[in-house]
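The values are calculated or read from the model by the stated rules, or taken from the named source; none is laboratory data. Here the structure is a predicted model, which is why all the values come from computation and not from measurement. Heads up, the Cβs are rebuilt from the backbone with ideal geometry, glycines too, and the neighbour counts pull from every protein chain shown.
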Amino acid sequence: MLQKILIVDDHKVFAESIASVLRSKYEVKEVTSVDKALQIRSIFVPDLMITDLQLPEKDGLWLIKTIREKDVEAKILVLSSMTNHATIHKLLQFEVNGFLNKNVSSLDLLNAIQKIIEGENYFQTDIYEDYLENYKSKSGATQTITPRELEVLQLIIEEKTTSEIAEILKLSSYTVEGYRKNLLLKTGSSNVVGLIKHAIKINLM
């Protein structure tokens, strides 16, 4: 049975072009609004939702927040031209599984989709690294650690290995290493000792 992908984008030509690329490997449905996306999710039950952020009436951020409140395991890939730091920051808070600029190649899109469906995260490297450097330069570290990153931090403090953390949280080792890297950058730490100091600071220990 083919895995299911839901595309949410009000630009029909763009959505149809993406769908045509994906239909050789996935079952795909396209909708043009947040309300339609929420309606079809319960019927279609997608393995992955790909959404733009600029949508009519209610935007993509509202859609993601609404889905996350009901389904923390839902896989969400954002495909948008909105790449400013504030938007990326908000998407990370909502724990989306990936972000790509709309000018991405078909190959990169397919690669991102496959990795996310397999349980990894996929953020466009240049956008993500620019975001991290921006927040690091503002205060020596980024401001917000997501709930999932806190889980990883707690397990690091408990001296769990990457493979052990991956097994406990049902993630790939690749994804856990990504969270570890994020934690180092966000806390301004260079090693586990620095992470422990930060954990003490935020009363995690």
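Residue under question is Gln54, and the condition is that it be under 23 Å from Gly178 (Cα atoms) and either in the same structural domain as Val28 (by TED's automatic domain parsing) or assigned to a helix (DSSP H, G or I) (or both); does it hold?
no
Residues of the range 162-188 being surrounded by 15 or more Cβ atoms within 10 Å (Cβ to Cβ), touching a residue at least 40 places away in the same chain (Cβ under 8 Å) and closer than 17 Å to Ile145 by Cα, which ones?
Scanning the range 162-188 gives Thr175, Gly178, Asn182, Leu185, Lys186, Thr187.
Every residue, every condition in (1) surrounded by 17 or more Cβ atoms within 10 Å (Cβ to Cβ); (2) hydrophobic (A, V, I, L, M, F, W, C); (3) assigned by TED's automatic domain parsing to the domain that holds Lys197, yes or no:
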residue	(1), (2), (3)
Met82	yes, yes, no
Leu92	yes, yes, no
Asn97	yes, no, no
Leu109	yes, yes, no
Lys115	yes, no, no
Glu149	yes, no, yes
Val152	yes, yes, yes
Ile157	no, yes, yes
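Answer with yes or no whether Leu22 is assigned by TED's automatic domain parsing to the domain that holds Glu95, under 15 Å from the mean Cα position of the chain (by Cα) and crowded, with 16+ Cβ neighbours inside 10 Å.
No: the conditions fail for Leu22.
One line per residue, one yes/no per condition, for (1) small (Gly, Ala, Ser); (2) within 16 Å of the chain's Cα centre (by Cα); (3) outside the structural domain of Glu69 (by TED's automatic domain parsing); (4) modelled with pLDDT of 80 or more:
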| position | (1), (2), (3), (4) |
| --- | --- |
| Ser137 | yes, no, yes, no |
| Ile165 | no, no, yes, yes |
| Ser172 | yes, yes, yes, yes |
| Leu184 | no, no, yes, yes |
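Would you say Ile67 is within 13 Å of Met49 (Cα to Cα) and in a helix (DSSP H, G or I)?
yes
In the range 20-63, which residues are of a type in the set (Gly, Ala, Ser) and in contact with a helix residue (DSSP H, G or I) (Cβ under 8 Å, 6 or more places away or on another chain)?
Those that are of a type in the set (Gly, Ala, Ser) and in contact with a helix residue (DSSP H, G or I) (Cβ under 8 Å, 6 or more places away or on another chain): Ala37, Gly60.
With the requirement that a residue be surrounded by fewer than 16 Cβ atoms within 10 Å (Cβ to Cβ) and either in a loop (DSSP other than H, G, I, E, B) or in contact with a His (Cβ under 6 Å, 6 or more places away or on another chain) (or both), what does the range 117-127 give you?
Glu118, Gly119
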